[in-house]
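What follows is one structure encoded as structure tokens, with my remarks underneath.
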2 protein chains.
Amino acid sequence: MSTTGRGLHGRVLDTLGPEITAGEYPPGSVLRTDELAQRFDVSRSVMREVVRVLESMHLVRSRRRVGVTVLPAPEWNVYDPQVIRWRLAGVDRPRQLRSLTVLRSAIEPVAAGLAARNATPEQCAELTECALGMVANSSGHRLEEYLFHDVAFHRVILTASGNEMFARLGDVVAEVLSGRTHHEVMFEDPDPAAVTLHVQLAEAVRERDAARAEKLTREITEGALQELDILAP
Amino acid sequence: MSTTGRGLHGRVLDTLGPEITAGEYPPGSVLRTDELAQRFDVSRSVMREVVRVLESMHLVRSRRRVGVTVLPAPEWNVYDPQVIRWRLAGVDRPRQLRSLTVLRSAIEPVAAGLAARNATPEQCAELTECALGMVANSSGHRLEEYLFHDVAFHRVILTASGNEMFARLGDVVAEVLSGRTHHEVMFEDPDPAAVTLHVQLAEAVRERDAARAEKLTREITEGALQELDILAP
DNA sequence: GTGACATATAAGTCTGACTTTTTGTTCCCG
DNA sequence: CGGGAACAAAAAGTCAGACTTATATGTCAC
């Protein structure tokens, strides 16, 4: 499940990264490379590589004579998938989930509008297929199967938008949807209204109706906001 | 101007990173750490740190026995500020600028709506101040001064939204606005209509009129889209 | 042709010595 | 007593070399 897994360097990162993003070291805390190397029982070379990566994520800053200082949260590269995963796995999972859901509510409607303009026939077909899969698994506690098609559906929308920035949010949306199913209250079958909206959205995209696609997506994401008790605008 | 500057490691990164994001090595190309170290005249230790950072950006993947392979563009962490800067400085600057402007058009209206709800009195004041600064420099070829206040304005909106993900896009918006002023056609004074919209937006936020703030921002970003000949939805 | 095995290759790791920058202190002089 | 210059220490930065490990690829027997 963890991505970095590979290599000694990745294992250290998978421990230290979550610790920092969880706020275990208050901003301004100073870590020393040598001490960290000792703690993780790795060589300084490996430790330096880890620090470099953390630095590229703006989680820490390494300065001579002072050490590796932890940066305040507003500095972090919160769009880094690795950072997102770490935070979703840690204590401020709820806050992160809210931020991401608001982000979705901004991005996805526009992406859907663009998808209606740019989607290839293959993508339209895929979309319909996903929507059918959602319908087929919308009752009878087939939550996993439903989730699978739901994730695929939104991924296609984001990709079909033709905007690389939108496309890269596929993983983020997947995390949010998966989080809702697995961690939040979601024992019952999915909301039938939501399922219908997805079917209609696939329709709208197929018919190149950008305005309708955008509106439908707005309804979908507003539903997601309401689930988290975020006031809808 | 370049951020990484510090250290030998940063200088190598500032050369190799742009080369990769410019597409000088087709996806699947293989680089060898030793050769790179020779080419840049640095030790392997330094080179390895560089590779680790590039790997964390998903620009390359390092595998044993094969080398450092360049990944296809869709894999890249396009939200990494470093990557964004590199691409804006390279050959696909136009494409990048379009992607970012579309992203803006999705994010900023929602951010403005949230800002109308959440902005502190200080932020409202700051906003008005920026708008005034824009008005004051909207004629007489005071482009730099205008840009300064424009950037500050949008930064406040994004921050005041209270959403950390939105707030982190401040730098991106700054790059886009700055790029428009410096590289694109922008010899004349800014569009008076745009200036008015900003003044009205500051008003709307101050009066907590979320709907109006969102609508006004949508008009602003649509103007930005039109400048780049992107069809408005 | 298929599978097991051998080999070469390039990244991964460790160690120790040395350099450079920066901070904090000390000490001298105004 | 205060301020500035010289100094010392600390921690990251850099380098070189030896060794380990994974793995792609070629080889050989069956």
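Report the Cα-based extents of segment B:157-204 along its three principal axes, largest first, to the nearest Å.
Extents along the principal axes: 35, 26, 7 Å.
Which residue in B is nearest the B/A rotation axis when you measure from the C-beta atom, and what is the distance in Å?
B:TYR79, 2
I need to check one value: relative contact order of chain B, counting alpha carbon pairs closer than 8 Å and at least 6 residues apart, in percent. Please report the intermediate quantities before stating the final value.
Working: 301 pairs, mean separation 44.7, N = 233.
For chain B, the relative contact order is 19 percent.
Can you give the Rg and Dmax of the protein assembly as shown based on its C-alpha atoms, in angstrom?
For the protein assembly as shown, the Cα-based Rg and Dmax read 23.0, 68 Å.
Decide, for segment A:1-53, between rounded, prolate and oblate: order the square roots of the alpha carbon gyration tensor eigenvalues as a ≥ b ≥ c, take rounded if a/c falls under 1.5, and otherwise choose prolate if a/b is larger than b/c, else oblate. Display every interim value, and only then the final one.
Numbers: a/c = 2.11, a/b = 1.13, b/c = 1.86.
Oblate is the answer for segment A:1-53, as a/c is 1.5 or above yet b/c matches or exceeds a/b.
At 7 Å along Cα-to-Cβ for each site, give me the label-to-label distance between B:ALA174 and A:GLU129 in nm.
Going by the 7 Å Cα→Cβ label model, 4.5 nm.
Within 10 Å of each Cβ in B:19-28, how many Cβ atoms from other chains are there, averaged over the peptide?
Values: counts 0, 0, 0, 0, 0, 0, 0, 0, 0, 0.
Counting other chains' Cβ atoms within 10 Å and averaging over B:19-28 gives 0.
Would you list the P(r) distribution for segment A:51-129, with all Cα-Cα distances sorted into 10 Å bins from 0 and each bin expressed as a whole %?
16, 31, 24, 19, 8, 3
Report, in deg cm²/dmol and to the nearest 500, the calculated mean residue ellipticity at 222 nm for chain B, where each DSSP H run with n ≥ 4 adds -39500 (n - 2.57) and the sum is divided by the residue count. It would help to have the intermediate numbers written out before the result.
Working: 11 runs with 154 residues, N = 233.
That comes out to -21500 deg cm²/dmol.
At A:THR196, label 7 Å along Cα→Cβ: distances to the other copies, nm, ascending?
4.3
Quick one: with label points 7 Å out along Cα→Cβ, list the inter-copy distances for B:GLY140 in nm, shortest first?
7.5
Per residue, how big is the convex hull around the C-alpha atoms of segment B:28-97? Give it to me in cubic angstrom, could you? Each step should come with its number before you reach the end.
Details: hull volume 7.0 nm³, N = 70.
Spread over its residues, the Cα hull of segment B:28-97 gives 100 Å³ apiece.
What is the log10 of I(q)/I(0) for chain B, computed with the Debye formula using one identical point scatterer on each Cα and no solvent, at q = 0.16 Å⁻¹?
Treating every Cα as an identical point scatterer, log10 I(q)/I(0) equals -1.04.
What FRET efficiency do you get for B:ARG44 and B:ARG6 if R0 is 25 Å and r is their Cβ-Cβ distance, rounded to the nearest 0.05?
Values: r = 20 Å, r/R0 = 0.81.
E(calc), rounded to 0.05, equals 0.80.
Students often get this wrong: which residues of segment A:159-179 have the backbone nitrogen under 13 Å from the point 7 angstrom along Cα-to-C-beta of A:GLU122?
Only A:160 fall inside the zone, counting backbone N under 13 Å.
What is the Cα centroid distance between segment B:48-127 and segment A:72-133, reported in whole angstrom?
Using only Cα atoms to place each centre, the spacing works out to 15 Å.
Where nothing but the Cβ of Lys and Arg (+1) and of Asp and Glu (-1) is charged, how large is the charge dipole of chain A around its Cα centre, in debye to the nearest 20?
Values: 27 positive and 33 negative charges, 261 e Å.
Using Cβ point charges on Lys, Arg, Asp and Glu, chain A gives about 1260 debye.
Could you tell me which of rounded, prolate or oblate describes segment A:88-212, using a ≥ b ≥ c as the square roots of the eigenvalues of the alpha-carbon gyration tensor, with rounded for a/c under 1.5 and, failing that, prolate when a/b is larger than b/c and oblate otherwise?
Details: a/c = 2.13, a/b = 1.25, b/c = 1.71.
In terms of gyration-tensor shape, oblate.
Just grab the label-to-label distance for A:ALA211 and A:VAL30, each label 7 Å out from Cα along the Cβ direction, in nm (one decimal).
6.3 nm
Going by how many other Cβ atoms sit within 10 Å of their own, how do A:SER178, B:SER56 line up, fewest first? Write out the running numbers ahead of the final one.
Details: A:SER178 16, B:SER56 23.
The most exposed by this proxy come first: A:SER178, B:SER56.
Can you list the distances in nanometres, one decimal and ascending, from the A:ILE230 label point to the identical position in each other copy, with the point 7 Å along Cα to Cβ?
Nearest first, the other copies' label points are 2.1 nm away.
Take the alpha carbon gyration tensor of segment B:4-140, find the square roots of its eigenvalues, order them as a ≥ b ≥ c, and report rounded if a/c is under 1.5; if not, report prolate when a/b exceeds b/c, else oblate. Spell out each step's value before the answer.
Details: a/c = 2.68, a/b = 2.37, b/c = 1.13.
In terms of gyration-tensor shape, prolate.
Across the Cα atoms of segment A:150-233, what radius of gyration and what greatest pairwise Cα-Cα distance (Dmax) are found, in Å?
Both quantities, over Cα of segment A:150-233: 13.1, 36 Å.
Let me confirm one metric for peptide A:164-170, namely the mean number of other chain beta-carbon atoms within 10 Å of its residues' beta-carbons.
What the average comes to for A:164-170 is 5.
Based only on other Cβ atoms within 10 Å, what is the fewest-to-most ordering of A:MET47, B:MET165? Mind showing how you got there, number by number?
Working: A:MET47 24, B:MET165 21.
By the 10 Å Cβ count, ascending: B:MET165, A:MET47.
Since every read-out is calculated from the coordinates, none of them should be taken as a lab result. None of the values given here were measured: they were computed from a predicted structure. For neighbour counting, all protein chains shown are included, and Cβ atoms are generated from backbone atoms with ideal geometry for every residue, glycine included.
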